[in-house]
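Participant: The structure that follows is given in the form of structure tokens.
The values are calculated or read from the model by the stated rules, or taken from the named source; none is laboratory data. What you see is a predicted model; the values in this text were computed from it and never measured. Quick reminder, even Gly has a Cβ in these numbers, built from the backbone with ideal geometry, and neighbours come from all protein chains shown. For accessibility, only protein heavy atoms count, side chains too; no ligands or nucleic acids. Shrake-Rupley method; radii C 1.70, N 1.55, O 1.52, S 1.80 Å.
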Amino acid sequence: MFGVTAAQWRETNRDKTGNMRDFASIEQLLVLANLENVNALYISKGVSQSERVEELNCLAREQLSAMLRNKSVDTLKKLENKKF
């Protein structure tokens, strides 16, 4: 999803505290939430880890691309920046 492992991210971003999710975009967080649900479904159906990884990587690329083209996500970004 992020193109690097958590360890690689920490190594590259030593100045940042927290984890990759803390610095993810709205699009990445939406896709990640969906991937977690799909992964749970695959696990319950007995799909092997190697198959899940392959399928989830493909799905992540497709969904992230779709999210980046989706104008509705812009509305979420505006809400995120709005002070309540």
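Participant: Please give the helix 26-44 orientation as an angle from the longest Cα principal axis of the chain, in degrees from 0 to 90, rounded to the nearest 10.
Facilitator: Once rounded, the angle reads 20 degrees.
Participant: While we're here: Just the accessible area for Lys77, please: 1.4 Å probe, Å², rounded to the nearest 10?
Facilitator: 70
Participant: Treating only the Cβ of Lys, Arg, Asp and Glu as charged (+1, +1, -1, -1), what charge dipole size does the chain show about its Cα centre? Round to the nearest 20 debye.
Facilitator: 400
Participant: Okay, next question. Take the chain, connect every pair of alpha-carbon atoms lying under 10 Å apart with a spring to form a Gaussian network, then pick out the residue of Leu59, Leu41, Leu32 with the largest mean-square fluctuation.
Facilitator: Evaluated over the chain, the most mobile residue of the options is Leu41.
Participant: What is the angle, in °, between the Cα long axis of helix 49-69 and the longest principal axis of the Cα atoms in the chain? Nearest 10 is fine, range 0 to 90.
Facilitator: Approximately 30 degrees, to the nearest ten.
Participant: Add -39500 (n - 2.57) for each DSSP H run of 4 or more in the chain, then divide by its residues: what number comes out at 222 nm, to the nearest 500 deg cm²/dmol?
Facilitator: -22000 deg cm²/dmol
Participant: Would you mind telling me the share, in percent, of accessible area of the chain contributed by carbon and sulfur at probe 1.4 angstrom?
Facilitator: Summing carbon and sulfur atoms, their accessible area is 52 percent of the total for the chain.
Participant: Now for a different question. Where does the charge balance sit around Lys45 when Lys and Arg score +1, Asp and Glu -1, over other residues with C-beta under 14 Å from its C-beta?
Facilitator: Result for the neighbourhood of Lys45: -1.
Participant: Among Met1, Ser65, Ile26, whose Cα projects farthest towards the positive end of the dipole of the chain, with charges put on the beta-carbon of Lys, Arg (+1) and Asp, Glu (-1)?
Facilitator: Result: Ile26, furthest along the dipole toward the positive end.
Participant: Show which aspartates and glutamates lie in cross-link reach of Lys77 when reach means a straight Cα distance below 19 angstrom and same-chain residues fewer than eight apart are skipped.
Facilitator: Asp22, Glu27
Participant: Find the relative contact order for segment 9-78 and round it to a whole percent, using C-alpha pairs within less than 8 Å whose residues are 6+ positions apart.
Facilitator: 38
Participant: Could you state the angle between the C-alpha long axis of helix 72-81 and the longest principal axis of the C-alpha atoms of the chain, as a value from 0 to 90 degrees rounded to the nearest 10?
Facilitator: That helix lies at roughly 50 degrees to the long axis.
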